[in-house]
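Trainee: Please see the structure below; I have some questions.
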Amino acid sequence: MRSTALIALLLCFTPSLSATVLLPAEFREIVSGSQIIVHGRVTDVRAEWRDGRRQIESVVTLEAASFYRGTPETTVTFRVPGGQIGRYKSVTVGAPEFRAGEEVVMFLKSYGPAVPQVFGLNQGVFRVRVDARSGRRLVTLPILMARSDAPEAVTRGATERRPLPIEQFSAQVRTVLQQGGAR
């Protein structure tokens, strides 16, 4: 009887667990579901406490080079879950991490006056890199991006994930925006 009461008492003090479920979005969904689409370079990443020091979020500042959607501004600030403050580090699986100097195309969701958030965690981050051989700027697609509603396996080295020249990527974004994001 005592052991049952002790177990019941201990269960009352267990921390709550939470999980994030992320369904892969199609490129058209990412474009149409984003209120701000901007290409630029990360200039600052700053971690902040949230919820009375229960969570850490990073506030990322991006120097905008061009806008596909949204009100053009010189800088865009957005939030991502996770970060590090001193010895405390918070990691959210699927959340992107940023470093100053990175070039990215960001797909951001914005609700009213609140600071925007990345669409679908990593799904809304398209990193830009310079090809060492050709000198061309290439956009790398996220690992999780659906091509249809049917389930599909993620294949390492899949040709569909090959980096695209930024001009070709920009043309795809503009085409989806002109079509209104419809299939």
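Trainee: Identify, please: which residue in the stretch 36-69 is touching a residue at least 60 places away in the same chain (Cβ under 8 Å) and either farther than 13 Å from VAL173 by Cα or in contact with a Phe, Trp or Tyr (Cβ under 8 Å, 6 or more places away or on another chain) (or both) and is, among those, surrounded by the most Cβ atoms within 10 Å (Cβ to Cβ)?
Mentor: VAL38
Trainee: Sticking with this one: Taking the stretch 12-59 on its own, how many of its residues are modelled with pLDDT of 95 or more and acidic (Asp, Glu)?
Mentor: 1
Trainee: Select the strands (runs of 3 or more DSSP E) contained entirely in the stretch 18-84, then report the ones holding at least 3 residues which are more than 15 Å from VAL118 (Cα to Cα). Break it down stepwise before answering.
Mentor: Values: elements: 36-50, 55-69, 75-81.
Because the criterion is at least 3 residues that are more than 15 Å from VAL118 (Cα to Cα), the strands (runs of 3 or more DSSP E) in the stretch 18-84 that meet it are 36-50, 55-69.
Trainee: Those residues that are loosely packed, with under 12 Cβ neighbours inside 10 Å and either within 17 Å of the chain's Cα centre (by Cα) or of a type outside the set (Val, Ile, Thr) (or both), I need them from the stretch 70-90; list them, please. Spell out how you get there, then give the answer.
Mentor: Kept after step one, since they are loosely packed, with under 12 Cβ neighbours inside 10 Å, are these residues of the stretch 70-90: 71-72, 74, 86-89.
Across the stretch 70-90, the qualifying residues are PRO72, GLY86, ARG87, TYR88, LYS89.
Trainee: So, in the stretch 101-129, how many residues would count as being exposed (fewer than 14 other Cβ atoms within 10 Å of the Cβ), closer than 22 Å to PRO163 by Cβ and among the hydrophobic types (A, V, I, L, M, F, W, C)?
Mentor: 0
Trainee: Residue by residue through the stretch 100-111, note down the ones that are at pLDDT 95 or above and not hydrophobic (A, V, I, L, M, F, W, C). Explain how you work it out, then say what you get.
Mentor: Going residue by residue through the stretch 100-111, those that are at pLDDT 95 or above are 100-108.
The answer is GLY101, GLU102, GLU103.
Trainee: Name, by its number, the condition in (1) β-branched (Val, Ile, Thr); (2) surrounded by fewer than 17 Cβ atoms within 10 Å (Cβ to Cβ); (3) within 23 Å of VAL173 (Cα to Cα) that does not hold for VAL93.
Mentor: Here VAL93 clears every test but (3).
The values are calculated or read from the model by the stated rules, or taken from the named source; none is laboratory data. Not measured: the values here are computed from a predicted model. Because the Cβ atoms are built from the backbone with ideal geometry, glycine has one as well, and the counts that use them run over all protein chains shown.
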